[in-house]
Amino acid sequence: MNKTTDIIQPTQRKKSILAQFWIFITILLVFVFGSRFIPASGSYTSVHGDMLVEPGLFSAATAKATGTREPTATKTPTPSLTPSTMILVSGKSVILRNGPGTNFSVIQMLNYAEQLLLLGRSSDNTWLYVNTSDGQEGWIKMSLVNLAGVNHYKDLPVQTPSPAPPATIFVSGTRVNLRTGPGTHFSSIRMLNYAEQLLLLGRFSDNTWLYVQTSDGQEGWIKMSLVNLAGVNLIHDDYPFRMSPPTETSTPVVLTGIEDHWIDIDLSEQMLRAYDGTDLIASFLVSTGIDIYPTETGQYHIYGKFPTYTMTGNDYFLPDVPYSMFYSGDFSIHGTYWHHNFGTPMSHGCVNMDTNDAEWLYNWSSVGTLVNIHR
């Protein structure tokens, strides 16, 4: 080995030792400092870019600088509710009531453009259940609020109102029958006078008869057309339906000892019956005299028959009254073309019949036929 070789070999060994030393130092530094940046599995809570961030290192200042929100606690969501809807009163001095109907009592007056919170509705969507700005709940007519932009009111729950209070109504006819059932074939409980006050308790299914209570506590049925319903709304379900009692078996007055045709007129039932002896041949609804012009009771005989007859009085002129049969003075049984409200007293004392019914009776009876009128 020459000197040159001896010099080169120690130099290479020194370089090799030095390289090994720096490799060792590098591994040591990685081991000491690297553990600070490599957390154990599951110990980090958020990711920022491509870096895993230890809690506490990603500060509010960092979030502000990067535009990233600071982590927050997770909240359990609550069940969603029907969205509230604000509506405005569109009328002036609008009434807030305690039920969906004009017969319900007044809670307070609402002003134009007053704000209301919509809570519910009636089943027919004509009344809304609302809450006022002062916390008062009640009902308002839908036609009196501004629903612009409100499309989901039909999704609101249908509110069940309290039962409607009995409404006060008045008899609008004279000598009107209070009956045991909703029909003229039911017997009369008593006669009601004009303007007599009644409490409305119910109605028949077709709204043609009302179930009422008189001031002395009697309950019964009256024709809707014979009462004043001003201010009472029956279109909505304000009043319950009442069931009709079983149809009564009529027990008319039957005269004995008569072998020919005769006519019976029952003023309480507003019924005319045609008999042949004791056999009932036909029966008809009629209209007899009103309270100030009553039909006289008693037994009479037809003394004159006219196909048409002109009838006049202080307050009426009726030309060509059809099938007139006179039985007492100016009183007659005749056809009627000026009204069709049979079953209700309407006349000046005569017995009004439907024209077709009067024609049948006119042809069936004769001069001398007995007419028996009673209550």
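Values quoted throughout were computed directly from the atomic coordinates according to the rules given, and no laboratory measurement underlies them. Only a predicted model underlies this, so the values are computations on that prediction, with no experimental measurement involved. Because the Cβ atoms are built from the backbone with ideal geometry, glycine has one as well, and the counts that use them run over all protein chains shown.
Annotations for the structure displayed:
- Residue exposure sequence - F170, F317, F326 - by fewest surrounding Cβ within 10 Å: F317, F170, F326
- Ordering Y275, Y337 by the number of other Cβ atoms within 10 Å of each residue's own Cβ, fewest first, gives Y337, Y275.
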